[in-house]
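Participant: A single structure is presented below for examination.
The values are calculated or read from the model by the stated rules, or taken from the named source; none is laboratory data. Just so it is clear, the model here is predicted, and its values are computed rather than measured. With ideal geometry, Cβ positions are generated from the backbone for all residues, glycine too; neighbour counts draw on all protein chains shown. Surface areas here come from the heavy atoms of the whole protein model, side chains and all, with no ligands, DNA or RNA. Shrake-Rupley method; radii C 1.70, N 1.55, O 1.52, S 1.80 Å.
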Amino acid sequence: MAKIVSDTSTLYSISEGAKNNISINPLNVTINNKTYLEFEEISPKEFLGIINEGHLPTSSQPSIGRVLESYEQYKDEEIINIAMADGLSGTYQSGVMAKTQLERDNIHVINSTTLCGPHRYMVDKAAKWAEEGLNAEQIIEKLQPMINNNMSFLIPQDFDYLKRGGRINKTAASLGGLLKLNIVLIQSEDGKSLSKFALTRTYKKALAAICDKFKEFGVNEKYQLSISHVTTDKQVKETVDYLAKEFPNTEIVVWDLSPAFITQGGPGCLAIQAVLKVED
């Protein structure tokens, strides 16, 4: 049976992934001079507490050693490592380097081109297909429509995090902060970067701009919409209600963001994403 490997971009902890037969390699976060495996050694709530004390975090991909260890556990099986978007993290490159070191043809490293909600959907489907007995080639072929048809937006609240991470230029960050505008970022078509999509006076107008783009992209009941966040219940409800009105027959799921993504988007950030659903 093919073995699915991934990382905490899926918003899975090691134990949660294992329940679905997925091997998870955690990303690392460093704050207040300490480095943690996210979800394993620090929770999002604990992480936010340290940020609120005035400490600034950084994040990094899983170590090569950890990825090698996950591969070595399944020496006699086909491995499919579905990594978060190449360019937004070095996770994909770590997976490729580990494969190169082992010189094994039964390891397949896949660039999901996405993260968070759509990434989780992909690995869930891949794990299901693996349990049904599909081989690596068949699973990778079935993943391709999802890889080719996903779209992601990020709405930050604290622009300094994006500015430090190079996700947005200093001028845009300063403008957004001073004018209290809603800055909406969109993931590039190649999945490698985030760029400014819209500047709006109100959150509702930000949602309208996102929904218009989703419709232009072709989002309908054949897609899954996901909201990944570290914001208020009120804002999440407003977002769910708005999306449900615009896409009444489309599945909507909600997830809590991980420490690594809080590091990039900052406290209060919210991601809205779409991915094409694939029939079993």
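Participant: Any idea what the dipole of the chain comes to, in debye rounded to 20, about its Cα centre with Lys/Arg Cβ at +1 and Asp/Glu Cβ at -1? Don't skip to the end; give the middle numbers.
Facilitator: Details: 29 positive and 35 negative charges, 264 e Å.
I would put it at about 1260 debye.
Participant: Now a separate question. Can you give the percent of C-alpha pairs in the chain whose distance is more than 29 Å?
Facilitator: Values: 12143 of 39060 pairs.
Value for the chain (Cα pairs over 29 Å): 31 percent.
Participant: Now for a different question. Using amide H atoms built in the peptide plane, which far-off residues or other-chain residues are under 5 Å from TRP255 H to H?
Facilitator: Under 5 Å from the amide H of TRP255: ILE227, SER228, HIS229.
Participant: How big is the accessible area of ASP158 in square angstrom, nearest 10, if you roll a 1.4 angstrom probe over the protein chains?
Facilitator: In the full protein context, ASP158 sits at about 50 Å².
Participant: Now a separate question. Which residues in segment 11-41 place their backbone N less than 15 Å from a point set 7 Å from the Cα of LYS128 along the Cα-to-Cβ direction?
Facilitator: Correct set: 20-22.
Participant: With the crude spin-label approximation of a point 7 Å out along Cα→Cβ, what separation in nm comes out for LEU199 versus LYS277?
Facilitator: A separation of 3.8 nm, rounded to one decimal place.
Participant: Let me ask something else. Which whole-number value in Å² is the accessible area per residue of the chain, probe 1.4 Å?
Facilitator: Values: 12740 Å² over 280 residues.
Counting only protein heavy atoms, the per-residue value for the chain is 46 Å².
Participant: Quick check on packing: order 120-132, 196-208, 141-153, 253-265 by the mean number of other C-beta atoms within 10 Å, highest mean leading.
Facilitator: Listed from highest to lowest mean packing, they are 253-265, 120-132, 141-153, 196-208.
Participant: Once you have the Cα-Cα distance between LYS245 and GLU216, take 0.36 nm times their residue separation minus that, and quote the gain in nm to one decimal. Walk me through the intermediate numbers first.
Facilitator: Values: separation 29, 0.36 × 29 = 10.44 nm, distance 1.66 nm.
The span from LYS245 to GLU216 would gain 8.8 nm if fully extended.
Participant: Any chance you could give the angle, 0 to 90 degrees and rounded to 10, that helix 91-102 forms with the longest Cα principal axis of the chain?
Facilitator: Compared with the principal axis, the helix lies near 20 degrees.
Participant: Follow-up question, since we're still on this one. Ratio to report: Rg/Rh of segment 6-133, with Cα atoms as the point set and Rh obtained by the Kirkwood method; give two decimals. Show your work: numbers first, answer last.
Facilitator: On the way: Rg = 14.9 Å, Rh = 15.1 Å.
Here Rg/Rh amounts to 0.99.
Participant: For the chain, what is the percent of antiparallel DSSP beta bridges, rounded to the nearest 5?
Facilitator: 60 percent
Participant: For GLU77 and GLU137, compute 0.36 nm times the residue count separating them, minus their Cα-Cα distance, and round to one decimal in nm.
Facilitator: Values: separation 60, 0.36 × 60 = 21.60 nm, distance 1.30 nm.
Answer, rounded to one decimal: 20.3 nm.
Participant: Please label the shape of segment 192-233 as rounded, prolate or oblate, based on the square roots a ≥ b ≥ c of the eigenvalues of the alpha-carbon gyration tensor (a/c under 1.5 means rounded; beyond that, a/b larger than b/c means prolate, else oblate). Don't skip to the answer; put the middle values down first.
Facilitator: Details: a/c = 1.41, a/b = 1.21, b/c = 1.17.
The shape class here is rounded.
Participant: Over 20 Å between Cα atoms, which of LYS204/LYS277; LYS75/LYS125; LYS142/LYS277; LYS3/LYS75; LYS213/LYS277; LYS204/LYS245 qualify?
Facilitator: Pairs exceeding 20 Å: LYS204/LYS277; LYS75/LYS125.
Participant: Next up: Using a 1.4 Å probe on the protein chains only, how many percent of the accessible area of the chain belongs to carbon and sulfur? Mind dumping the intermediate values first?
Facilitator: Working: 6070 of 12740 Å².
The value for the chain is 48 percent carbon and sulfur by accessible area.
Participant: Let me ask something else about it. Helix 233-246 against the longest principal axis of the chain: what's the angle in degrees, Cα atoms only, rounded to the nearest 10?
Facilitator: 80 degrees
Participant: While we're here: For segment 67-112, state what percent of all Cα-Cα pairs lands in each successive 10 Å bin, counting from 0 Å until the bin that includes the largest distance.
Facilitator: With a bin width of 10 Å, the distribution comes to 31, 57, 12, 0.
Participant: How tilted is helix 203-217 with respect to the longest principal axis of the chain? Cα atoms for both, answer in degrees (0 to 90, nearest 10).
Facilitator: Between helix and principal axis, roughly 50 degrees.
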